[in-house]
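Everything below concerns the one structure shown next.
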Amino acid sequence: MNTYTFPWGIYIGDLTPKTSATDTDDIPVLLPAEAGGFMVNYDSDSEAVSNQFIENVVLLLAQALPPKALHIHVFDFDTAPRFRYLSQLKSHGLYHLYATAETAKKGFDGLEETARHRLHELLPPEITNLSAYNETADYPEPYHLLLVNMDYYPDDFVDVKRIKSFFDSAGKAGIYSILYNGDDDEEEMKGNREKSVNYLCQRFNALEIVDKTAELSPQLFEFSELCEFYDYELVDANQTQILKQLLDAFSANEQSGTSDFLQVPIAKTQDGRNTIYFSLGASSQNYNAIIIGRVGSGKSALLNNLIVGIAERYTAQEVQLVLMDFNRGVEFNAFADHPNCTQLFADYEAASMAVDVIESFLSEMHARMELIEKASVKNIGQYNRKHPNFPIAHKILIIDEAHRLFSGDYRQQQYFSNCLDKLLREGRKAGMHVILATQAISDSAIPSYVLNQTGLRLSFKLNEPKNAWNIFKHGNEVVLDLDASKHEVLINTDSGNIRANVVARANPPLSFDDEVKAIKQKLRQIRASRLPHEVVTPEILKGSETVEKVTQQAEATDNINNNPFIQTGKTKPDWLNGEVK
């Protein structure tokens with residue numbers, strides 16, 4: 001079974017006995033992964049051999065790791081494609097090509113930020129590298145593999161100090177490198193490029209391929225003296241077969257408990273051909289989200305489409321919602337009949353009631369964690385696989401105009417902050433998640449702890465770089481260039497790193513009355529099509545009163561009542577009222 005531990009060694013071929021030692025077995029050649037990578041030097045006649053060798057090494061490495069555990073980054077300005085099989089992984093978000101100086105700079109910035117985050121924030125003091133961290137982590141981090149064509153990169157505009165700092169520490173951060181270098185033209189290098197290339201040539205030991213034949217050096221392979229009795233043969237692999245196995249594994253992963261629990265279509269690619277999904281769960285490794293948009297940008301329409309989409313694609317046994325609207329209840333009133341909604345808070349002035357809603361959500365998280373611990377499992381996914389007949393539904397707290405939580409009374413702000421911080425950090429194990437929507441993007445409006453725990457970030461057009469930097473990483477200013485007239489939205493799935501940017505087009509908003517009418521009609525249709533145990537009845541919280549919405553909802557079966565998280569006809573789980581023995 002594949003584990004998230006990175007292989008001890010990188011398989012690059014075999015030592016085959018010479019004719020005089022035919023009874024001796026082949027010896028696999030492994031390069032220690034702790035070296036962080038290696039270099040391939042080749043002459044003009046050996047370029048195709050080098051390309052195939054590198055592609056074989058990477059395909060076999062991807063095959064040895066769990067599905068989608070390896071992201072490939074190619075820094076290569078050549079016009080002709082070099083890795084045709086690896087490039088097929090692009091549609092799965094695992095292959096990233098940086099083919100210009102501008103994209104290479106942005107790609108390097110993103111990888112540098114990933115390394116910095118892992119080494120400074122993710123790894124505890126007693127763990128020295130990502131592989132050791134992933135060995136016991138409930139939510140392991142993916143590895144990154146850099147393929148760098150040194151004929152073009154690094155260029156003269158990359159600070160050599162940054163190059164040194166990055167590659168000296170990259171291996172510990174789970175970033176492995178394979179550099180390749182042809183010798184068919186004698187470029188006169190100068191400045192930063194010369195210093196960077198010289199450093200990399202010293203940093204990584206090289207495999208030489210000349211006249212289509214590879215030679216192991218003592219620096220690269222410490223047992224190279226064996227070549228007196230063995231011939232070294234480059235790693236060979238059935239690329240077509242391995243690629244098929246990888247793609248099949250991705251498909252199987254989508255059907256297993258390691259796939260995302262939520263996938264809702266929310267936009268189209270810029271050419272309108274492909275659908276973009278809002279995804280939360282184990283596959284995307286995102287468990288909370290934030291949506292940014294000024295008035296009239298399309299934020300509300302996107303959020304409404306997401307909430308309706310959840311009702312269309314999931315029953316209340318799978319996904320439940322708690323909706324909080326701090327915009328005078330205007331936006332979320334349309335969801336009073338939502339079949340997945342357990343509570344709807346629609347009064348921005350009732351701060352004490354808002355506290356009750358968040359406290360209730362936090363209490364449920366603690367109760368779920370106790371249940372999961374008693375079942376001797378680590379998280380909701382493992383619990384549901386162990387108890388398939390009585391699964392726990394994922395539950396999402398969606399807060400519109402969330403910046404209002406952090407304004408007003410200081411003690412109230414602190415309390416909300418403490419609750420949200422705990423939910424964002426610990427909720428995913430219990431299947432409790434948070435989506436914040438806001439039009440405010442200042443530092444005070446979105447605390448840093450929120451962003452630190454929110455990998456999925458969506459934003460409509462912003463106008464100032466400082467606002468973009470508040471949401472995304474420094475230097476990621478794509479959101480400033482979005483076309484507001486086309487309702488373009490930037491969807492970033494990796495905590496603001498520029499390499500994870502996707503520009504999409506959201507649906508244009510309808511008039512307010514038309515949108516509310518369409519939402520209500522759609523939700524009535526969905527509720528009518530569901531079995532009684534597949535829906536819940538929202539508890540409407542407004543002002544000082546609690547309004548119970550009456551629906552024709554049958555009594556739940558005995559089996560369903562055994563599950564404290566899916567109880568038909570009840571607005572709150574029994575355990576919140578102390579009824580569960």
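The values are calculated or read from the model by the stated rules, or taken from the named source; none is laboratory data. No experiment lies behind these values; they were computed from the predicted model shown. Neighbour counts are summed over all protein chains in view; Cβ atoms, including those assigned to glycine, are modelled from backbone coordinates with ideal geometry.
Points worth noting:
- Taking each residue of the range 468-496 that is in the same structural domain as LEU302 (by TED's automatic domain parsing) and looking for partners that are of a type in the set (Ser, Thr, Tyr) and part of a helix (DSSP H, G or I) with beta-carbon atoms closer than 9 Å, six or more apart or interchain, yields ASP494/THR114; SER495/THR114.
- Per the conditions (1) under 16 Å from LEU234 (Cα atoms); (2) of a type in the set (A, V, I, L, M); (3) at pLDDT 90 or above, the sole criterion not satisfied by LEU65 is (1).
- Residue selected from the range 139-178 under the condition of a type in the set (Val, Ile, Thr) and not in a helix (DSSP H, G or I), by the criterion farthest from ASP76 (Cα to Cα): ILE175
- Condition met for ALA115 (assigned by TED's automatic domain parsing to the domain that holds ALA64, without any contact (Cβ under 8 Å) to a residue 60 or more places away in the chain and either more than 30 Å from LYS378 (Cα to Cα) or in a helix (DSSP H, G or I) (or both)): no
- Among all positions in the range 393-410, there is no residue which is farther than 23 Å from PHE345 by Cα, surrounded by fewer than 15 Cβ atoms within 10 Å (Cβ to Cβ) and in the same structural domain as LEU344 (by TED's automatic domain parsing).
- The number of residues in the range 137-178 being closer than 30 Å to ASN379 by Cβ and either assigned by TED's automatic domain parsing to the domain that holds ASN379 or not basic (Lys, Arg) (or both) comes to 15.
Yes/no matrix, rows are residues, columns are (1) closer than 28 Å to LEU89 by Cα; (2) among the aliphatic types (A, V, I, L, M):
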{"position": "ASN129", "(1), (2)": "yes, no"}
{"position": "LEU146", "(1), (2)": "yes, yes"}
{"position": "LYS195", "(1), (2)": "no, no"}
{"position": "LEU220", "(1), (2)": "no, yes"}
{"position": "PHE229", "(1), (2)": "no, no"}
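- Restricting the range 380-396 to residues that are touching a helix residue (DSSP H, G or I) at 6+ places or on another chain (Cβ under 7 Å) and in a helix (DSSP H, G or I), the residue that is farthest from HIS338 (Cα to Cα): TYR383
Residue-wise test of (1) modelled with pLDDT under 90; (2) within 30 Å of ASP109 (Cα to Cα).
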residue: ARG499; (1), (2): yes, yes
residue: LEU510; (1), (2): yes, no
residue: ASP513; (1), (2): yes, no
residue: LYS520; (1), (2): no, no
residue: ARG530; (1), (2): yes, no
residue: VAL535; (1), (2): no, no
residue: SER544; (1), (2): yes, no
residue: GLN553; (1), (2): yes, no
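- Note on the range 263-309: residues that are closer than 26 Å to ASP421 by Cβ, polar (S, T, N, Q) and touching a Phe, Trp or Tyr at 6+ places or on another chain (Cβ under 7 Å) amount to 1.
- Unmet criterion (only one of (1) hydroxyl-bearing (Ser, Thr, Tyr); (2) closer than 20 Å to ASP109 by Cα; (3) touching a residue at least 60 places away in the same chain (Cβ under 8 Å)) for TYR199: (3)
- Looking across the range 33-48, the residues that are more than 11 Å from TYR180 (Cβ to Cβ), modelled with pLDDT of 90 or more and assigned to a helix (DSSP H, G or I) come down to ALA33, GLU34, ALA35, ASP45, ALA48.
- Residue check for TYR153: touching a Gly at 6+ places or on another chain (Cβ under 8 Å) and closer than 27 Å to ILE54 by Cβ: no
- Being farther than 23 Å from ASP183 by Cβ, in contact with an Asp or Glu (Cβ under 7 Å, 6 or more places away or on another chain) and not in a helix (DSSP H, G or I) is not true of LEU30.
- Matching residues in the range 374-387 - criterion: being farther than 15 Å from LEU262 by Cβ and either buried (at least 18 other Cβ atoms within 10 Å of the Cβ) or within 26 Å of the chain's Cα centre (by Cα) (or both): VAL377, LYS378, ASN379, GLN382, TYR383, ARG385, LYS386
- Residue in the range 455-467 that is touching a residue at least 24 places away in the same chain (Cβ under 8 Å), over 29 Å from GLU113 (Cα atoms) and surrounded by fewer than 20 Cβ atoms within 10 Å (Cβ to Cβ) present: no
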